1. In straight Cα distance, which aspartates and glutamates are under 19 Å from residue A:58, not counting same-chain residues fewer than 8 positions off?
2. Mind checking which lysines have their Cα closer than 27 Å to the Cα of residue B:265? Skip sequence neighbours fewer than 8 apart in that chain.
3. With point charges of +1 on the Cβ of Lys and Arg and -1 on the Cβ of Asp and Glu, referenced to the Cα centre of segment B:162-307, which listed residue (B:239, B:226, B:176) lies farthest in the positive direction of the dipole?
4. Could you work out the relative contact order of segment B:1-124? I mean the mean sequence separation of Cα pairs under 8 Å and 6+ apart, divided by the number of residues, in percent.
5. Enumerate the calculated ³J(HN,Hα) couplings along segment A:102-114 in order (Karplus 6.51 cos²θ - 1.76 cosθ + 1.60, θ = phi - 60°), each rounded to whole Hz, writing x wherever the residue is Gly or Pro.
6. Per-residue Cβ counts within 10 Å, from other chains only, averaged over A:223-234: what number is that?
7. Report the normalised scattering of segment A:1-53 as log10 I(q)/I(0) at q = 0.17, 0.21 Å⁻¹, calculated by the Debye formula with identical scatterers on the alpha carbons.
8. What percent do you get for the relative contact order of chain B when only Cα pairs under 8 Å and 6+ apart count?
Amino acid sequence: MSAANTAKVAEAQRRAAAERTRQRVVRIIGRNLLYLALVIGTIIFTIPTVWMLSSSFKETAQVTTIPPQWIPNPWKPDNYSTSMAQFPFWISLKNTMVIEIGVLVGRLLSASLVAYGFARLRFPGRNALFIIVLSTMMIPYHVTLIPQYLFFRNLGWLNTPLPLIVPMWFGGGAFYIFLLRQFFLTIHREIDEAARIDGCGYFTTFWHIILPLSLPALGTLAIFTFLGEWNDFLAPLIYLNTRETQTLAIAIRFWQLLAVGIAYQPATLPQLMAMSTIITIAPVLVFFFLQRYFIQGVVVTGVKG
Amino acid sequence: MASQVRMRRRHWWQTLAGQEAIAGYLAISPWIIGFLVFSAGMILYSFYLSFTQYNIVEPPKFIGLANYTKMFTRDDLFAQSLKVTAIYAVAVVPLGMIVAYSYAILLNQKVGGLSFWRTCFYMPVVVPAIAASYIFGWIFAPQYGLVNGYLRSIGIQGPGWFGDPTWALPGMVILALWGAGGGLILYLAALQSVPTDLYDATKVDGANAWQRFWAVTVPMTSPVLLFTFILGIIGSFQAFTGSYLLTQGGPLNATLFIVLYLYQKGWQDLSMGYAAGIGLVLFTIILILTVIVMITSRRLVYYAGTD
């Protein structure tokens, strides 16, 4: 009887040990498959950028080899200087920065002021107006493309940065107002009420209390704005038609049409990739160095970038 | 008594509440002006324009509904642009979500070097559209491109991609999927906030990993899935840069997106009235789709704490 029991216990222990080993094997296999999937996915998602960077330093003869020669040999950095000499590179960079700064300042100032009104001040019709703010988020930019173009054309603003900057000084977009309002609501009311008791007016409170406390949120929105304007293509394409006023993206497009052509040829690929790299540097640097704020911002705001 | 009299004589704007209201209206005045001029004003102007024939040079000529009748009965290119954009959206939005969501689930398994993987996957999102278009124009170049080069080395003749009416739109879809990492960060945050006791509870009930995924993970992250779905639809109906740079809508109008068609009508044919009408149709489509998604998803989406 007891001998039979011992045998049963030993059998159960053996089974349990076998089960544990099986689970461990499954787990190890699973882990390895997991990393394999990650490595494959990462390679697929990284290759285009690496290929762009590597091709931008190559000679014509090297760009079409399969498998690609990832480290260029010989090294040919003058793809950059040659292309940059073929169009007003620095002027277009300056134009881009003028628009960036104009939009950043206008959007952050006006969106935060409007958001302050909606978050802190009580006035008749506030909720109804805020619902209108939210509903304008549904209006796609392209609906107003034609009328805005005609409007700014009548003002004589074509080939100036004004059509791209000025609308941003009027609230900066419903989404930004909404996000800043949500952020202001998380600031304790006691803080600005204390300032009010000390004799600050509403706008002094906004400027000296609310804005300084909102720098993290403003920073995140500044990153989004910077990337969005840098990437913008359609609006500058419509409004800026002279070499002296074009943004970097548009200037590169027109340089491509003239110097590279529509039918891509290996002879011009290194230069095309050099200019693609040039326009990619700024957003990638912003992303790398401000990644933590950026990712927090994406999570909080739900913007996909 | 005297003070009461003074109180009564005060005007509304001299009271504390009045002062606050005035400050409030002042604070939101930039938005009010912006809304009246750039949103409401422009949409009304758009309506007006869509009933006219307007080539910028001559003054607008009122033609009633002619633009819309032409759009929906005789304009094959408009029908083509609707079809192309719809196919593109139906392919890009779910595929992009599946790619990003699976990746987020992989990254949520307590992997080492999380920020490295995340950075690699997210970086294409910040690559400007113009650079991404040029890169993929080359990767898919029929003769010298990377993809067809590899295909040739294993004995397969690759298609003409952006030069081939059948493959140009799939090429655009792949270009868009390269930027699918945008959803990853949102999904990862949502997955990390799923309470672990829910998983423990289903484990006790004997659910396997697959059942746990469908019973816990998907429902708990469904608000974020809905959110990215709506944004994805709105975004892909506004696709422009890739086809403008790579194909100009061709070959054989295979990549003629609505916004590209609007651009061509407005700035190449100078049919401003017609283009304004296209913009309004696009607006209506996006509005209807968003409302449909919101209504149908009410049954499918789980919001914690709302029962």
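Quick note: the coordinates plus some simple rules give every number you see, no bench work behind them. None of the values given here were measured: they were computed from a predicted structure. Don't worry about glycine lacking a Cβ; one is built from the backbone with ideal geometry, like all the others, and counts go over all protein chains shown.
1. Straight-distance partners of residue A:58: A:78.
2. By straight Cα distance, residue B:265 reaches B:61, B:70, B:83.
3. Farthest towards the positive end: B:239.
4. 8 percent
5. Per-residue couplings from phi come out as x, 5, 4, 4, x, 5, 5, 5, 6, 5, 6, 5, 4 Hz.
6. That average works out to 3.
7. So the normalised log intensities work out to -0.69, -0.79.
8. Reported relative contact order: 26 percent.
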